[in-house]
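Just below is one structure, and these are the notes that go with it.
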């Protein structure tokens, strides 16, 4: 069995000027007989608006390690659900497969591990007149591989986080108060 009990990782990949195609996976990867495996099995039930699905490359081609995809936002319409279960799913599944090919995920552990991937899809994605599906695919492909690499390499290290504590701030937080 795997010695990987639970590793967490995240990544953000976006294309300048194409906000709706941004990818921001947050993942846990771990042994099927550990806490990730238990959480994975418990996710087999559906929650309204947050449809969980396996990452598959195509019909009858579920990736290994088995991966549960869950949207971070409520999917309210068929078009966004179709994008999530199509373009996003394809990018994630291909990224995981290539992570195994490239040795990011050890090939000999693929049947002993499972992944839970919380995935972002912009709620306005389906309404975007000039949606670049190839860009949406590529961002999800790149982001899942980066999140897996970071998880399995414990990145960023606590030393890096401490070192940049006062030089990096959250990109969505414009503060005017004096940081502690």
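Since every read-out is calculated from the coordinates, none of them should be taken as a lab result. Given the structure is predicted, the values throughout are model-derived calculations rather than measurements. Here Cβ is always computed from backbone atoms with ideal geometry, including for glycine, and neighbour counts include all displayed protein chains.
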The rounded separation in angstrom of the Cα centers of the stretch 119-147 and the stretch 37-91 is 14
Among 101, 27, 168, which one shows the biggest mean-square fluctuation in a GNM of the chain, springs joining Cα atoms closer than 10 Å?
168
Listing 21, 74, 167 from the residue with the fewest other Cβ atoms within 10 Å to the one with the most, what is the order?
167, 74, 21
FRET efficiency for residue 161 and residue 19, using Cβ-Cβ distance with R0 set to 30 Å, rounded to 0.05:
0.70
Using per-residue counts of other Cβ atoms within 10 Å, averaged over each peptide, order 141-147, 9-15, 62-68 from highest down.
141-147, 62-68, 9-15
Selected from 85, 17, 34 as most flexible by GNM, with the chain as the system and alpha-carbon contacts under 10 Å
17
What spacing in nm lies between the two simple spin-label points modelled at residue 42 and residue 129, each 7 Å away from Cα in the Cβ direction?
4.6
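Rank these for me by crowding, 29, 162, 81, going from fewest to most other beta carbons within 10 Å.
Placing the least packed residue first, the sequence is 162, 81, 29.
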